[in-house]
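Novice: First the structure, then my questions, so here it is.
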Amino acid sequence: MEAASTSMTLRALRSVGSGARALTRYLEGVLGADKYRIYLEHQARTHPGEAPMGEREFWRDYTDWQEKNPQGRCC
């Protein structure tokens, strides 16, 4: 009986963890926090021999690009 209870508890915890990860990914997408990860994936796929920008450099470049190309932003 204890084994079944433990198994159910583990499944419930995995489900909660999976939901939390999905929610985190969603919020990162909405807030734009996933842009650097997406950039790294793109860079690895399209330019495998080149070193990617560091995170700080990426965000600096991205905000400079946004300032030069305002697209549908409120401010």
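Novice: Determine whether Leu10 is in contact with a helix residue (DSSP H, G or I) (Cβ under 9 Å, 6 or more places away or on another chain) and not polar (S, T, N, Q).
Specialist: No.
Novice: For the stretch 1-41, which positions are free of Cβ contacts under 8 Å to residues at least 24 places away in the same chain, under 30 Å from Arg56 (Cβ atoms) and of a type in the set (D, E, K, R)?
Specialist: Arg21, Arg25, Glu28, Asp34, Arg37, Glu41
Just so you know, all these numbers are worked out from the coordinates, no wet-lab data involved. Small disclaimer: the values here were computed from a predicted structure and weren't measured. Neighbour counts are summed over all protein chains in view; Cβ atoms, including those assigned to glycine, are modelled from backbone coordinates with ideal geometry.
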